[in-house]
């Protein structure tokens with residue numbers, strides 16, 4: 001009998017050496033980003049971003065070569081494995097084939113390092129000495145801290161306060177790698193002080209933390225801002241996930257029927273999805289599903305509208321699915337999924353019908369995470385646990401219908417620093433996540449008034 005292959009690992013020589021840029025392949029171009037004051041089309045603010053990243057943000061090149069210095073770091077952990085979830089399939093009794101692309105093998109524990117390395121490299125090339133950023137659950141902050149250490153840069157991280165308190169080991173991880181991490185809202189910025197004056201107990205949000213990091217970068221000539229999600233160049237860097245996955249599915253001699261990933265700002269999902277979206281645009285039948293929390297359902301409940309990327313109004317205005325830039329979600333454990341809006345590119349793909357979105361609640365995601373951990377052995381981060389919930393749902397549908405679909409999961413990172421969250425679930429103390437319609441309605445009433453004619 002032929003031996004069943006469980007893990008599919010590309011030889012290092014076959015690792016992609018270029019990122020895939022979907023922008024020139026889109027059937028309808030994206031709307032531009034607008035200046036927060038003038039409302040005119042703009043580029044990424046030059047004081048915040050180096051020219052190379054701005055060029056990538058709007059590039060019309062189908063592929064962009066990965067610099068050798070970035071590849072050298074990628075080779076420490078890439079290509080990442082694609083794993084067949086035989087034990088989960090057996091537990092579910094499903095005819096579906098489930099594969100998961102596991103980004104938790106990176107030194108930082110998630111996919112975030114893919115763009116952190118690239119952004120630190122391009123900033124160093126531009127003469128920048130220090131990077132400021134925000135982080136939700138801490139995955140991005142820890143990834144950028146390590147990337148800055150690799151590239152010889154200083155790093156300052158504004159971590160959303162609720163996550164800062166829930167996940168102290170993420171802060172320690174960042175500090176171990178040389179970064180300075182503070183809880184946001186903080187007293188280190190004028191905007192943070194303003195928020196605290198209005199609400200001393202504010203749990204923080206990614207929108208607030210972004211504003212603090214932007215203010216920090218604007219105030220220093222040696223500092224740039226780095227964003228771990230949302231923007232096109234971030235999804236570009238993450239496209240290596242989907243490019244590798246496609247090659248590994250060829251090794252397994254299967255084709256994906258469904259690609260499923262969690263979505264907060266959009267980088268993990270976007271990076272996995274865009275190479276498959278390219279196939280879908282060419283007529284291939286494939287379902288691409290983004291999964292978000294019911295506490296912050298920007299795509300499933302928010303309108304597609306012009307909105308600011310941060311609370312203070314320093315970031316550009318973009319067309320995206322949004323709950324309003326001033327909206328602060330309930331303090332769910334998936335801190336990386338608490339952004340008020342969705343990446344303009346992911347929003348655009350959804351608008352064009354090239355993908356769909358679903359929302360699931362916190363308790364059901366942890367139930368799915370526990371089942372995954374007990375079958376596959378990997379304890380997933382709370383963020384990809386949302387996608388695992390939908391993977392299990394779809395696999396059980398296959399059981400009912402008898403269909404043998406191939407389901408591919410983007411498993412963006414491990415949950416080793418999220419065990420306090422698991423403890424809350426296992427002890428029965430986890431609260432149900434709440435969606436506050438009144439807060440969303442108020443936040444949406446504060447959307448910028450845009451009269452862009454194009």
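No lab work stands behind these numbers, since they all come straight from the coordinates. Please read all numbers here as calculations on a predicted model, not as lab measurements. Every residue, glycine as well, gets a Cβ built from its backbone with ideal geometry; the counts of neighbours run over all protein chains shown.
Relative to the longest principal axis of the chain, what angle (0 to 90°, nearest 10) does the C-alpha long axis of helix 113-125 take? Its long axis makes an angle of about 40 degrees.
Give me 177, 19, 140 sorted ascending by neighbouring Cβ count inside 10 Å, so fewest comes first. Walk me through the numbers before you get to the answer.
Values: 177 20, 19 26, 140 31.
Ascending Cβ contact count within 10 Å gives the list 177, 19, 140.
Dividing the mean sequence gap of close Cα pairs (under 8 Å, 6+ apart) by how many residues the chain holds gives a relative contact order of 20 percent. Contact order, relative form, for the stretch 309-419: 20 percent (alpha carbon pairs under 8 Å, 6 or more residues apart, mean separation divided by residue count).
Helix 362-376 and the longest principal axis of the C-alpha atoms of the chain enclose an angle of approximately 50°.
For the stretch 8-64, the relative contact order works out to 50 percent when only alpha carbon pairs closer than 8 Å and six or more residues apart are counted.
Classify the stretch 191-340 from the C-alpha gyration tensor, please: rounded if a/c falls under 1.5, else prolate or oblate depending on whether a/b exceeds b/c. Please list the in-between numbers first.
On the way: a/c = 2.52, a/b = 1.89, b/c = 1.33.
It comes out prolate by the Cα gyration axes.
Applying 1/(1 + (r/R0)^6) with r as the Cβ-Cβ distance of residue 154 and residue 197 and R0 = 30 angstrom yields a FRET efficiency of 0.55.
Packing-based ranking of 93-101, 350-358 yields 93-101, 350-358, ordered from highest to lowest mean Cβ neighbour count within 10 Å. Listed by Cβ neighbour count within 10 Å, with the fewest neighbours leading, 150, 321, 339 appear as 150, 321, 339. Stokes-Einstein diffusion for the stretch 8-128, with the hydrodynamic radius set to the Kirkwood value over Cα pairs and evaluated at 4 °C in a medium of 1.567 mPa s, equals 74 µm²/s. Legend: ranking of residues 363, 13 from fewest to most surrounding C-beta atoms inside 10 Å; resulting order 13, 363. Modelled this way, with points 7 Å down the Cα-to-C-beta line, the labels at residue 281 and residue 38 are 3.0 nm from one another. Please report the spacing between the Cα centers of the stretch 38-114 and the stretch 205-229 in Å, no decimals. Here the answer is 22 Å between Cα centres.
Oblate is the label for the stretch 195-251. Its Cα gyration tensor axes, ordered a ≥ b ≥ c, give a/c of at least 1.5 and b/c at or above a/b.
Provide the FRET efficiency to the nearest 0.05 for the residue 255-residue 432 pair, computing r from the beta carbons and using R0 = 35 Å. Present the calculation step by step, with values, prior to reporting the outcome.
Details: r = 38 Å, r/R0 = 1.09.
That pair, residue 255 with residue 432, gives E of 0.35.
Note on the stretch 250-281 and the stretch 383-413: Cα centroid distance 13 Å, given to the nearest whole angstrom. Shape class of the stretch 70-196 from the Cα gyration tensor (axes a ≥ b ≥ c, square roots of the eigenvalues): oblate, since a/c reaches 1.5 or more and a/b does not exceed b/c.
Taking the structure as given and computing log10 I(q)/I(0) by the Debye sum over Cα atoms at q = 0.06, 0.10, 0.13 Å⁻¹, which label from (1) -0.31, -0.82, -1.21; (2) -0.22, -0.65, -1.16; (3) -0.25, -0.74, -1.29 fits? Given (1) -0.31, -0.82, -1.21; (2) -0.22, -0.65, -1.16; (3) -0.25, -0.74, -1.29, the structure-derived one carries the label (2).
Residue separation times 0.36 nm, minus the C-alpha to C-alpha distance between residue 424 and residue 87: what's the value? Kindly include the intermediate steps, with their values, before the conclusion.
Working: separation 337, 0.36 × 337 = 121.32 nm, distance 2.58 nm.
So the extension gain works out to 118.7 nm.
Once the Cβ-Cβ distance of residue 18 and residue 373 is raised to the sixth power relative to R0 = 25 Å, the FRET efficiency obtained is 0.10.
Tell me what the chain gives for mean residue ellipticity at 222 nm when only DSSP H runs of n ≥ 4 count, each as -39,500 (n - 2.57), the sum divided by the residue total, rounded to 500 deg cm²/dmol. Working shown, then result.
Values: 17 runs with 183 residues, N = 454.
-12000 deg cm²/dmol, from helical runs alone.
Arranged from highest to lowest average of other beta-carbon atoms within 10 Å per residue, in what order do the peptides 65-74, 340-349, 82-91, 382-391 appear? Write down the numbers at each step before the final one.
Numbers: 65-74: 16.6, 340-349: 27.0, 82-91: 18.7, 382-391: 29.5.
Listed from highest to lowest mean packing, they are 382-391, 340-349, 82-91, 65-74.
Averaging the Cα positions of each part gives two centres, and for the stretch 153-176 and the stretch 286-359 these lie 24 Å apart.
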